[in-house]
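The values are calculated or read from the model by the stated rules, or taken from the named source; none is laboratory data. Predicted model, so just to flag it, every value in this text is computed and none were measured. Don't worry about glycine lacking a Cβ; one is built from the backbone with ideal geometry, like all the others, and counts go over all protein chains shown. Ligands, DNA and RNA are stripped out before the accessible areas are found, and what is left, the full protein with its side chains, is counted by its heavy atoms. Shrake-Rupley method; radii C 1.70, N 1.55, O 1.52, S 1.80 Å.
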Amino acid sequence: MRGRRSSRVTAILLDRDSQRLSSIRMPEYCDVALPVPLDMVFAYRVPADVMPIVGGRVLVPFRQQRMTGIVVELHDRKPPVKTKAVLSALDTTPVLDEQLLRLGHWISDYYLAPLGEVFRTMLPLNAEFNKAVAYRITPEGRMALHLAGLSGSSRRSRRTPEEQATEFRVLDYFVAQEYAPAEGIEVREATLRSATRVSRLILSVMVRKKWLAREDVSAARDATRIVKVALLKSAEGKLNDNQRMLVDTLAASGGRVAVETLHSLNLPRTTLSTLVKRGLVEISEEAAGFAVSRSKPRPSPFAFDFNSAQQAALNHLREAVAARKFSGILLHGVTGSGKTAVYLAGMRAVLEFGRSAILLVPEIGLTPAVAADLHQIFGDEVAILHSALSDKERAQQWHRIKSGDARMVVGTRSAVFAPVADLALILVDEEHDSSYKQEETPRYHARDIAVMRAKMASATVVLGSATPSLESYFNATKNKYALVELPDRVERRPLPEVEIIDMRQEFQETGHELIISRKLTAEIKERFERNEQVMVLLNRRGYSPVALCRACGKTLECQNCAIALTHHKREQRMICHYCGFTAPVPKSCVHCGSEYVYFLGAGSEKLEELLHGMFPQARIARLDRDTVRGHEDFERTLNALSEGELDLLVGTQMIAKGHDIHGVTLVGVVGADSALGFPDFRAAERTFQLLTQVAGRAGRGQSPGKVILQTYFQDHYAVQYAARHDFAGFYEKELRFRSWMHYPPYSSLANVLIRSDKLDEALHWSGTLGKWFEQNRHEGIRVLGPATAPIVRLKRDYRYHFVLKSPSRGKLNATLRTMLAYAAAQKIPRTQVIVDVDALWLM
């Protein structure tokens, strides 16, 4: 009896709940932000069986495809045009909470970026939906096939017979496979192309004819990162030196090594393929396991006593977090002053409060080392986010953060969007680094986004650097941020001695141009005799940057860019570092046919070869974009240096940032002043920062360090202040130049780039906007241009630009918005007008 009464009560309660739910009416329409280059959101009708939520994803039809977008508003306002219906709601809870939605809107407004493209950048969830193109035959396609059958085999068309035959082969395929019911069943593009040998171009033509309908089909996927592994099958038979070296490497590693690791050896790629052909080595594919970091953790920072400056900085940070109000801190500490230890101690304090923190680092290469430190301290509370992870790995880490399983986040610039709950602290390491600025839409700066997100969350943001950007230091002197100084290295270790070598004088005394000076050669030799380690920086990839014909004086340039091709000796190719175009190494001039082709200059590859020749017994490795194909390569090389398995590391600016290698006592800098010749007002600042940062790699252990700085501009103030470790002196001098020319931090700046693969279009569009700027004077706005960009052609596009400066960010933003509206009215495509607010790169 009691059971019947209980079930009756339950039924009544359920009925009441269903009545209450039915009384909640879903709004008729929703506005959706789609990842398209249009400055607008799109209204869709909400069907009765679909329940979208603000901040959640929906699948919607857009033109001839389906797209995933973010719902930004639910409403009952009937649009003035006919609307399509939402196909499905993909989330039951928001993937972007109210705070992240506000942040996305702010980014869109400030950087003049389409809102949908901003949200796409904020969400690393590509792995959850596999964007697959599918086709289905339309009634028009079936009619075309039917009429062609009635008229015999001629099937007349203005297209070539081969193209015509391919089109009808595609239509025949649908019918033959019985893929042509009333609605038309979709066929994946890969299946269709494999079966009919049709090109994408012909498929696009058939879509324009309306013979086929094309759609982007989103489906769940399980994208596992695959790695190739070399397995040693046999070590018997005659082997040459290269083959023996590779076989020995495999044997020493238990007969199993990743192919990427073998490629990092200084051996020809054909060595491995020859062993595979002979059956001595087998290549297999395996799923790569995920690890927060494969770097060995360094000694815990809490194993050492903080000095008074570190303790004061930590106390300031803890008080700011406890206040639960927005606070900005600029942590200015010399290289080796223990900034990372302060970061980690601050994050530990945040975790003790039960709150969350984000640590941003500028390079993927720095992420593993910091992640290893964090994992050692915080265990599974750590998540990692950067672009070297696979889509699936990024999605997994994102969901760990979203669910609260990981409250400590470390990553590169995109980690600033991590969906942490109860955010207390954002730390931006090496805040001056240009890697924080994204060079594609949306062109945001992660440091500035970190500051804005902290404001919205009433959190604390810490910007740390030994060489702060002039903008950040200027803000600190104006009390926008609290300035906290770490003036000394930990354990009172001295800053390295810097000796400047004038390469002009070196040339006069030796009679020929040297890559490595006599002094640097002697210092390297001395360090090797003392079993100490060396780093040598040359911030230029490849073997030789220019191939010059001595007969006609012309250089070998990229076909797509107005840039000289770089000689890469190991690959035996000429490569463009901007678009990736490659060409064979010329045996004669492509312009005049002369055989007198001369390779000028030196890159990191040539420097490595030279050092191998000078010190044949030394263990030397190179670290640049050519040797580092992924974060694992970076970790492997730095681990080897930390473990004393390398004597010398040569590389580009990748070796200059944040690495704490105690065995390095000498740093050589080759050609570090080359950037001073760039037509960029930040050239001196970048040079000072690079020289100071790389000098800071020396003497971080018990032995004092030394820096040999080779330069052709020894009297330049950036070089002189870097040699004296004098940031304040450089800041004051550079600031005077900026104030005279009205450059940041005294004004806001934007670069407007007009591009087209047709020169006439680029000239016409830039001229049109130039006339508009002349005819519409904007108070408080300085406009420079139009002018050809320093790199006039890049990736097949001709480029012209304007530089806008204003003391008022509001006026600058309003002018840019008005200009974009005028460009749209003049039918200038939005994708061909690039607006870069707070531009760092004007090339």
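Quick notes on this structure:
- Test: residue in region 505-513 that is among the charged types (D, E, K, R) and either surrounded by 15 or more Cβ atoms within 10 Å (Cβ to Cβ) or outside any loop (DSSP other than H, G, I, E, B) (or both): yes
- Residues being modelled with pLDDT of 95 or more, of a type in the set (S, T, N, Q) and open to solvent by 20 Å² or more (accessible area, probe 1.4 Å) - total across region 756-780: 1
- Filter pass, ALA621 being touching a strand residue (DSSP E or B) at 6+ places or on another chain (Cβ under 9 Å), assigned to a strand (DSSP E or B) and under 24 Å from LEU537 (Cβ atoms): yes
- Scanning region 441-470 for residues that are part of a helix (DSSP H, G or I) and either under 19 Å from LEU749 (Cα atoms) or open to solvent by 10 Å² or more (accessible area, probe 1.4 Å) (or both) yields ALA446, ARG447, ASP448, ILE449, VAL451, MET452, LYS455, MET456, ALA457, LEU470.
Each row is one residue, and each column tells you yes or no for (1) surrounded by 24 or more Cβ atoms within 10 Å (Cβ to Cβ); (2) at negative phi; (3) assigned to a loop (DSSP other than H, G, I, E, B).
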| position | (1), (2), (3) |
| --- | --- |
| PRO704 | no, yes, yes |
| ALA728 | no, yes, no |
| GLU734 | no, yes, no |
| SER739 | no, yes, no |
| PRO744 | no, yes, yes |
| ILE754 | yes, yes, no |
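- Scan of region 707-726 for residues that are open to solvent by 70 Å² or more (accessible area, probe 1.4 Å) and of a type in the set (Asp, Glu), ordered by number: ASP715
- Under the condition of being open to solvent by 10 Å² or more (accessible area, probe 1.4 Å), of a type outside the set (D, E, K, R) and within 14 Å of ASN315 (Cα to Cα), the residues counted in region 346-363 number 0.
- Selection count, region 22-39, where residues are free of Cβ contacts under 8 Å to residues at least 40 places away in the same chain and either of a type in the set (D, E, K, R) or under 19 Å from ARG830 (Cβ atoms) (or both): 1
- For region 413-440, a tally of residues being surrounded by 22 or more Cβ atoms within 10 Å (Cβ to Cβ) and under 18 Å from GLU471 (Cα atoms) returns 8.
- Here ILE524 meets each of (1) more than 25 Å from GLY338 (Cβ to Cβ); (2) open to solvent by 40 Å² or more (accessible area, probe 1.4 Å); (3) of a type in the set (Val, Ile, Thr) with one exception, condition (2).
- Count of region 640-676 residues which are more than 19 Å from ILE500 (Cα to Cα), touching an Asp or Glu at 6+ places or on another chain (Cβ under 7 Å) and among the hydroxyl-bearing types (Ser, Thr, Tyr): 1
- Taking region 781-807 as the range and being over 18 Å from SER756 (Cα atoms) and either open to solvent by 40 Å² or more (accessible area, probe 1.4 Å) or in a strand (DSSP E or B) (or both) as the test, the residues that pass are ARG782, VAL783, LEU784, VAL803, LEU804, LYS805, SER806, PRO807.
- Boolean, LEU112 is at pLDDT 70 or above, open to solvent by 50 Å² or more (accessible area, probe 1.4 Å) and over 30 Å from SER390 (Cβ atoms): no
- Taken over region 374-412, the residue count meeting the criterion of being open to solvent by 50 Å² or more (accessible area, probe 1.4 Å) and of a type outside the set (Gly, Ala, Ser) is 10.
- Total residues in region 262-272 satisfying the condition of being modelled with pLDDT under 75 and either open to solvent by 50 Å² or more (accessible area, probe 1.4 Å) or not in a loop (DSSP other than H, G, I, E, B) (or both): the figure is 7.
- Test for ARG570: is it under 28 Å from THR467 (Cα atoms), among the basic types (Lys, Arg), open to solvent by 50 Å² or more (accessible area, probe 1.4 Å) and part of a loop (DSSP other than H, G, I, E, B): no
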